[in-house]
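This report concerns only the one structure given below.
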Amino acid sequence: MSDNAKFNWEYELGNRDFSDYPFDFYEKRDFMAPFASGSAQYGAMIVCPCSMGIMGRIATGISNDLTTRAADVILKERRRLILVPRDTPYNLIHINNMKTITEAGGIICPASPSFYSRPQTMEEVAATVTDRVLDLAGLNLNTYRWGEEQG
C-alpha cells in the first residue's frame, strides 16, 4: 500500500483502518520485497486506484518504485495485472497507455460502478467495482451474477 493510498484511504473514508489489517507493508523503494521478483510466484496484482502516472510508468516499463517494479514482474511473468483507474475523462496519452498495457497482457478495469444489481447503499455501489476486480483476479466470490435471481 503506497503512502498515497494510505492518504486517500484516510481522506476519503475518514479513518486509518487499513492499519488494522494483518498485512505486511513495504517501503516504496524496498526492492527486496518478495513480489519484486518473478520467482516469488504471485499470480495476480491489483493496483487500485491506479493513477494515470503509475499507469504511464507501467506502460513504458519504468520500474522506479516497488509498485511499478512489481507490475513489471507480473507482466514479464505473464501473470494477471489488473489496473483500476478512476480518473476521467481520458486523454489520448491515457488511452494509448491502456492499449499498451492491454497488449502486454494487463487488464484495465475502470472504477465504473454497475447498477443492474440495483445497489441500495454507497457500499453496494462500490462493491460492484471491487467484486468485479476480485473476480478478474481469479478469486471465487459469492456476489451478484448477471441473470441470477436476487434474494
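The values are calculated or read from the model by the stated rules, or taken from the named source; none is laboratory data. Given the structure is predicted, the values throughout are model-derived calculations rather than measurements. Backbone-built Cβ (ideal geometry, glycine too); neighbour counts: all protein chains shown.
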Quiz item: In the range 75-95, which residue that is in a helix (DSSP H, G or I) and of a type in the set (A, V, I, L, M, F, W, C) is surrounded by the most Cβ atoms within 10 Å (Cβ to Cβ)?
Solution: Leu75
Quiz item: Any idea which residue in the range 32-49 is farthest from Leu81 (Cα to Cα), counting only those that are loosely packed, with under 14 Cβ neighbours inside 10 Å and either in the same structural domain as Asp131 (by TED's automatic domain parsing) or free of Cβ contacts under 8 Å to residues at least 60 places away in the same chain (or both)?
Solution: Met32
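Residues are listed down the side, and each one gets a yes or a no for (1) within 22 Å of Asp131 (Cβ to Cβ); (2) modelled with pLDDT of 95 or more:
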site	(1), (2)
Trp9	yes, no
Glu12	yes, no
Phe18	yes, no
Tyr21	yes, no
Gln41	no, no
Cys48	yes, no
Ile54	no, yes
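Identify, from the list Arg79, Arg69, Arg132, Arg145, the residue that is in the same structural domain as Glu27 (by TED's automatic domain parsing) and more than 17 Å from Ile54 (Cα to Cα).
Within the list Arg79, Arg69, Arg132, Arg145, the selection yields Arg79.
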Quiz prompt | In the range 96-109, the residues that are surrounded by fewer than 18 Cβ atoms within 10 Å (Cβ to Cβ) and within 17 Å of Ala71 (Cα to Cα) | solution = Lys99, Thr100, Thr102, Glu103, Ala104, Gly105, Ile107
Quiz item: Of the residues Gly61, Gly56, Gly147, which single one is surrounded by 13 or more Cβ atoms within 10 Å (Cβ to Cβ) and on the phi > 0 side of the Ramachandran plot?
Solution: Gly61
Exercise. Scan the range 80-109 and report the pairs whose first residue is among the polar types (S, T, N, Q) and whose second residue is part of a loop (DSSP other than H, G, I, E, B), with Cβ atoms within less than 9 Å and a gap of 6+ or a chain change.
Key: Thr88/Pro110; Thr88/Ser112; Asn97/Thr60; Thr100/Thr60; Thr100/Gly106
